[in-house]
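The values are calculated or read from the model by the stated rules, or taken from the named source; none is laboratory data. What you see is a predicted model; the values in this text were computed from it and never measured. Note: ideal-geometry Cβ built from the backbone for every residue, glycine included; neighbour counts use all protein chains shown.
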Amino acid sequence: MATDTMLPAGPAVDAQADRPSGPGSTSRARRLGKHALLIVLGIAMLYPLLWMVSSSFKPTELIFRDPSIWPSEANFANYTEGWTALAHPFHFYLWNSAVIAFFSVVGNLLSCSLAAYAFARLKFRGRAVFFAMMLSTLMLPIHVLIVPRYVLFSELGWINTNLPLIVPKFFATDAFFIFLMVQFIRGLPRELDEAARMDGCGHFRIYWRIIMPLSLPALATSALFTFIWTWNDFFSQLIFLTDPNLYTAPVALNSFLDGQGESAWGQLFAMSIVALAPIFGFFLAGQRYLTQGLATTGLK
């Protein structure tokens with residue numbers, strides 16, 4: 001005798017309808033919202049740069065009247081005129097900046113790595129005190145130090161030379177890079193040092209043959225930041241370099257502004273784009289080492 005075992009489908013359908021949606025859709029919506037927010041913030045941060053690029057192709061009289069970032073026509077007059085508008089062609093000032101930046105990078109890498117090796121590997125009396133004093137210099141702004149530095153360099157006869165901007169880099173005056181390298185070196189195995197000592201290596205050979213090659217990410221990070229900060233430095237270069245023949249790119253850009261007459265804004269923006277090109281190139285070339293150095297230093 002056959003029995004009817006079919007159940008009504010209504011409750012089952014209602015149960016599926018009342019079932020909450022899976023976590024996948026919620027997480028997907030959150031990711032979309034985060035990406036949309038990041039895109040909006042990215043556009044907001046890039047807008048000043050895009051506006052400056054657009055303004056470099058506009059006549060000066062239209063720069064502040066036309067806020068759009070798409071110029072009506074590509075006009076390269078600002079680049080050609082701005083390149084030769086000052087006492088020297090603009091590549092002359094780029095070269096002055098490159099010389100100072102190069103020696104600053106070399107000086108920081110040598111002096112800061114030596115100081116970092118001493119703090120990270122050597123044991124000497126007062127190491128913790130000296131390390132704390134070194135870190136405390138991070139809280140001193142440049143405006144506090146500029147007056148005694150100017151008096152010192154004036155007594156040495158270094159004003160209107162590149163020496164005030166280069167020589168201090170060879171004496172480990174940037175505590176940030178010392179701290180960064182100390183953190184990285186502390187994460188390297190000490191067994192490497194002990195093995196090198198068994199082979200007859202002293203401290204300098206251990207530093208040069210073992211520590212320096214393994215610290216390439218930290219060195220690259222320090223070189224990148226030193227180059228960017230030195231290239232963009234305006235205040236110190238304006239104080240110590242008053243001779244137009246020694247002007248660097250940031251100081252030369254200030255010459256396009258006239259507080260009493262008409263400023264050449266179009267030429268200023270055009271040469272600013274030219275001055276930014278080496279920074280972008282240096283950053284793209286060392287981006288891999290930068291991320292690796294910051295990440296590994298943070299994990300040590």
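Going by the structure shown, is Pro67 over 26 Å from the mean Cα position of the chain (by Cα) and either crowded, with 16+ Cβ neighbours inside 10 Å or under 29 Å from Phe227 (Cα atoms) (or both)? It is false that Pro67 is over 26 Å from the mean Cα position of the chain (by Cα) and either crowded, with 16+ Cβ neighbours inside 10 Å or under 29 Å from Phe227 (Cα atoms) (or both). Could you go through region 30-40 and let me know if any residue there is modelled with pLDDT under 80 and either charged (D, E, K, R) or within 30 Å of the chain's Cα centre (by Cα) (or both). No, every residue in region 30-40 fails to be modelled with pLDDT under 80 and either charged (D, E, K, R) or within 30 Å of the chain's Cα centre (by Cα) (or both). Where helices (runs of 4 or more DSSP H) fall wholly inside region 204-285, the ranges with 1 or more residues that are under 23 Å from Lys58 (Cα atoms) and not small (Gly, Ala, Ser) are 249-254.
Could you please give the count of residues in region 119-129 that are surrounded by 14 or more Cβ atoms within 10 Å (Cβ to Cβ) and either over 14 Å from Ser215 (Cβ atoms) or among the charged types (D, E, K, R) (or both)?
Residues meeting the conditions: 1.
When Ser97, Ser136, Ser154, Ser111 are screened for being among the hydroxyl-bearing types (Ser, Thr, Tyr), without any contact (Cβ under 8 Å) to a residue 60 or more places away in the chain, closer than 23 Å to Ile239 by Cβ and part of a helix (DSSP H, G or I), only Ser154 passes.
Per the conditions (1) over 25 Å from the mean Cα position of the chain (by Cα); (2) of a type outside the set (D, E, K, R); (3) assigned to a helix (DSSP H, G or I); (4) loosely packed, with under 14 Cβ neighbours inside 10 Å, the sole criterion not satisfied by His91 is (1). Is it true that some residue in region 176-189 is of a type in the set (Gly, Ala, Ser) and buried (at least 16 other Cβ atoms within 10 Å of the Cβ)? No, the conditions are met nowhere in region 176-189. Determine whether region 251-262 contains at least one residue that is at pLDDT 85 or above, surrounded by fewer than 18 Cβ atoms within 10 Å (Cβ to Cβ), out of contact with any strand residue (DSSP E or B) (no Cβ under 9 Å at 6 or more places or on another chain) and not hydrophobic (A, V, I, L, M, F, W, C). Yes, because at least one residue in region 251-262 is at pLDDT 85 or above, surrounded by fewer than 18 Cβ atoms within 10 Å (Cβ to Cβ), out of contact with any strand residue (DSSP E or B) (no Cβ under 9 Å at 6 or more places or on another chain) and not hydrophobic (A, V, I, L, M, F, W, C).
Take the conditions (1) aliphatic (A, V, I, L, M); (2) without any contact (Cβ under 8 Å) to a residue 24 or more places away in the chain; (3) in a loop (DSSP other than H, G, I, E, B); Ala85 misses just one of them, which is (2).
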